[in-house]
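Remarks on the structure that follows.
The values are calculated or read from the model by the stated rules, or taken from the named source; none is laboratory data. This is a predicted model, so every value here is computed, not measured. We place every Cβ from the backbone using ideal geometry, glycine too, and count neighbours over all the protein chains shown.
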Amino acid sequence: MAGFGLPNFGQLTEAFKKAKQIQQDAQKLQDELETMEIEGKSQDDMITVWISGNQQPIRVEVNEEITESDKLTIEKNILEAITNAHEESTRTMKERMNDLTGGLNFNLPGFDEKNS
C-alpha cells in the first residue's frame, strides 16, 4: 500500500521520538527560565531591575543618590533599566529556544527573525 505519499512507519516513529524529546527539553527549559535572574540597569547605574527568564519581575534596587534627581530623570532611569532587562531576557529566551529546536523554524509569534 505504499505510494500514497505517506512516510514509512520508521520515519513516523523517529519523528514522534524527536517531538517527545523536544517536549521534554522544553519543560526543562521552562523550569530553567523560571529560576533565572536577568539584570537590567539604567545607563548611569542608578536603577537596577531583575526579571526571570520568563520575564516576570523579581526585584528592584535604587541607588539613594537618585533622590537628588528630578522626576523626569528618575522615570527615564526606571524605564531604561526595565527595557534593558526585558531585552536581555528576550535574547536569552530566543537563544535557548534556538538551542532546543536546533534552529527549526516554527513561526512562533514573537520569535521571528525580523525582530532579532
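Figures for the structure shown
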item	result
Qualifying residue in segment 34-41 (condition: surrounded by 15 or more Cβ atoms within 10 Å (Cβ to Cβ), under 31 Å from the mean Cα position of the chain (by Cα) and among the charged types (D, E, K, R))	yes
Cβ pairs under 6 Å, 6+ apart, first in segment 71-95 and in contact (Cβ under 8 Å) with a residue 12 or more places away in the chain, second of a type in the set (Lys, Arg)	81/41
Candidate set: segment 6-38, residues that are under 30 Å from residue 85 (Cα atoms) and not in a helix (DSSP H, G or I); chosen: the one modelled with the lowest pLDDT	36
In segment 8-44, the residues that are closer than 30 Å to residue 66 by Cα, of a type outside the set (Asp, Glu) and free of Cβ contacts under 8 Å to residues at least 24 places away in the same chain	35
Any hit, segment 42-61, residues being among the small types (Gly, Ala, Ser), surrounded by 10 or more Cβ atoms within 10 Å (Cβ to Cβ) and over 19 Å from residue 93 (Cβ atoms)	yes
Residue in segment 73-87 that is nearest to residue 52 (Cα to Cα), counting only those that are surrounded by fewer than 17 Cβ atoms within 10 Å (Cβ to Cβ) and of a type outside the set (A, V, I, L, M, F, W, C)	86
Test for residue 52: is it of a type in the set (Gly, Ala, Ser) and touching a residue at least 24 places away in the same chain (Cβ under 8 Å)	yes
Conditions (1) acidic (Asp, Glu); (2) at pLDDT 90 or above; (3) out of contact with any Asp or Glu (no Cβ under 9 Å at 6 or more places or on another chain); number of the one not met by residue 95	(2)
